[in-house]
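Chemist: Take this structure, written in C-alpha cells, and hold onto it; I'll ask about it next.
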Amino acid sequence: MAEEINQPRRRFMGVAALTVAAAQFGILGTRVAQAAAPAARIPTIAPGTNTSFGSIKQIDAGVLNVGYAELGASDAPPVILLHGWPYDIHTYVDVAPLVAAAGYRVIVPYLRGYGTTQFLSDKTMRNGQQAAIAADIIALMDALKIEKALIGGCDWGARTADIIAALWPERCKALVSVSGYLIGSQEANKTPLPPKAELAWWYQFYFATDRGRAGYAQYRSEFAKLIWQLASPKWNFDDAIFNRSAAAFENPDHVDITIHNYRWRISVAKGEKTYDELEARLAKFPVIGVPTITLEGDANGAPHPQPEAYAKKFSGKYEHRLITGGIGHNLPQEAPQAFAQAVVDVDQF
C-alpha cells in the first residue's frame, strides 16, 4: 500500500520531514505552477460506475508475460496507469474510460505478482524491489513500441511512475503521482522513525517474519481488506468492488513479490545485482523534471509525506492538488474524475 499503508516505508523518502509526516493524515497544497487551460473537462462520474475492463491482453516484456487492459485508439497519445498494493488494475476501472474518451490510448498493466502477469521462467527471482518494478514498465513500453507516455500511479504505482520520470525522463511525457515523491532507498530506511510513525508500518515488520509471510499467504484477502479499510476509512466499498481486485492476489507469485518488496525496503532481503546501478542513482533521490501534478486525498489513512516536504523534488512545471470529500489512499478509484482531470491537465503543462 502506499505504498502503499502505500506501502513500504514506502513513503519514506529518507528525509526526516517526510518520515515524520508519514504518520499524519491531513495534507494541504504547496507550491503551485499555473497550468494552461485544459484541453477537455472530464465529466462527473460516480465511483463504481464501471465494473470491468472487458478482455485482458497479454504480451511478453522483459522477464514477464504482462497482462494489461487497453482502451482508446491505438494511435492516440499513450497513457500508462499503474496500481499499487494491495490493489490491482481496478484502481483505474473508472479512470481509464474517462481518459480514453478524452482522446488517449490507455494502458493499465498488472504489476508483477498480480492478476494475469506471469514470469517467463521459474528460475527468475521473485523480486519486488522498486527498480525491478520500474524496469518492468520500461520493458512493457518497449514491447508495445511506446517511445514516450504520460504515466500516472498510486501507491507502488506512484513510486514506479516517479522512478521512470526520474531515471528515464525521455520515456515520460508527464507525471501524475498520488502522494507525491515516493522514491526510497535501503540506506535511508535504516533510520528509525518516531514510535507513532513506526506503528503505521506495522505490516512491514509483520512481513519481515516467517509468521508474517505464512499469515499473508493464508489470509491475503482478509489482510488486503483490512488495509483498504485503514487506508481509506471513509470509502464505503462493497464486497463486489473488493472481490474484483482480490482475485488478482491469487497470482502464484503474489505472496513472494509482496513479502520481498517490504523485506527489501528494510534490508531484511537482498535485491538483484542487475538493479544495483539503478538503486544507487535512486538512493540520491533524483529531482524529477517532467511536468507533474501530485494528488492527495483529505482522508488518506496510509502513511504519506506532506506535500511541502517533496515539492522541491519536482523541478519542472508542477502543481499539487488536495482532493476533498473523504478521499482516501486509493484516490483514483475513490475520486476517478479528479484523477482523470489531472491526467488531461498535466498534458497541457
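Chemist: Whole number in Å², please: accessible area per residue of the chain, 1.4 Å probe, ligands, DNA and RNA not counted. Spell out each step's value before the answer.
Modeler: Working: 12850 Å² over 349 residues.
About 37 Å² of surface per residue is accessible.
Chemist: Can I ask one more? Given +1 on the Cβ of Lys and Arg, -1 on the Cβ of Asp and Glu, and no further charges, what dipole in debye does the range 228-349 carry about its Cα centre, rounded to the nearest 20? It would help to have the intermediate numbers written out before the result.
Modeler: Values: 12 positive and 16 negative charges, 97 e Å.
Dipole about the Cα centre, nearest 20: 460 debye.
Chemist: A follow-up question, please. In a solvent-free Debye calculation with one equal scatterer on each Cα, what is log10 I(q)/I(0) for the range 233-292 at q = 0.12, 0.27 Å⁻¹, listed in the order of the q values?
Modeler: Reported log10 I(q)/I(0), two decimals: -0.58, -1.08.
Chemist: Report, to the nearest whole %, how much of the accessible area of the range 113-233 belongs to carbon and sulfur atoms, 1.4 Å probe, protein only. Mind dumping the intermediate values first?
Modeler: Numbers: 2590 of 4620 Å².
Here carbon and sulfur together make up 56 percent of the probe-accessible area.
Chemist: Tell me the volume per residue, in Å³, of the convex hull enclosing the alpha carbons of the range 28-178.
Modeler: Taking the convex hull of the Cα positions in the range 28-178, it is 134 Å³ per residue.
Chemist: Under a point-charge model restricted to the Cβ atoms of Lys and Arg (+1) and Asp and Glu (-1), what is the dipole moment magnitude of the range 288-346 relative to its Cα centre, in debye to the nearest 20? Before the final figure, lay out the partial values.
Modeler: Working: 4 positive and 6 negative charges, 48 e Å.
Charge dipole of the range 288-346: 220 debye, to the nearest 20.
Chemist: Search the structure for amide H atoms under 5 Å from the amide H of Ile323, placed 1.01 Å from N in the peptide plane, and list their residues when 5 or more places away or on another chain.
Modeler: Those lying under 5 Å, H to H, from Ile323 are Glu296, Gly297, Asp298.
Chemist: Something else: Going toward the positive end of the dipole of the chain, with +1 on Lys and Arg Cβ and -1 on Asp and Glu Cβ, which of Ser185, Ile42, Ala76 do you reach last?
Modeler: Ser185
Chemist: I need two numbers for the range 147-203: Rg to one decimal and Dmax as a whole number, Cα atoms only, in Å.
Modeler: Cα radius of gyration and Dmax of the range 147-203 are 14.0, 45 Å respectively.
Chemist: Follow-up question, since we're still on this one. Could you work out Rg/(2.2 N^0.38 Å) for the range 97-237, with Rg from alpha carbons only?
Modeler: Working: Rg = 17.2 Å, N = 141, 2.2 N^0.38 = 14.4 Å.
Scaled against compact globular proteins, the figure is 1.19.
Chemist: Whole-Å semi-axes of the chain's equivalent ellipsoid, largest first, each the root of 5 times a Cα gyration tensor eigenvalue?
Modeler: 26, 23, 21
Chemist: Give me the percent of Cα-Cα pairs in the range 98-142 that sit more than 18 Å apart, rounded to a whole number.
Modeler: Cα-Cα pairs of the range 98-142 separated by over 18 Å account for 38 percent.
Chemist: Taking Lys225 as the anchor, which lysines have their alpha carbon closer than 24 Å to its alpha carbon, excluding any fewer than eight residues away along the same chain?
Modeler: The reachable lysines, counting only those whose Cα sits under 24 Å from Lys225, are Lys196, Lys234.
Chemist: Place a +1 charge on the Cβ of each Lys and Arg in the chain and a -1 charge on the Cβ of each Asp and Glu, then give the dipole magnitude about the Cα centre in debye, rounded to the nearest 20.
Modeler: Result for the chain is approximately 640 debye, rounded to the nearest 20.
Chemist: Considering the dipole of the chain built from charges on the beta carbon (Lys and Arg +1, Asp and Glu -1) around the Cα centre, which of Asn65, Ile327, Ala283 is farthest to its positive end?
Modeler: It is Ala283.
The values are calculated or read from the model by the stated rules, or taken from the named source; none is laboratory data. Predicted model only: the values in this text are computed from it and were never measured. We place every Cβ from the backbone using ideal geometry, glycine too, and count neighbours over all the protein chains shown. These area figures cover heavy atoms from the full protein model, side chains too; ligands, DNA and RNA do not enter into them. Shrake-Rupley method; radii C 1.70, N 1.55, O 1.52, S 1.80 Å.
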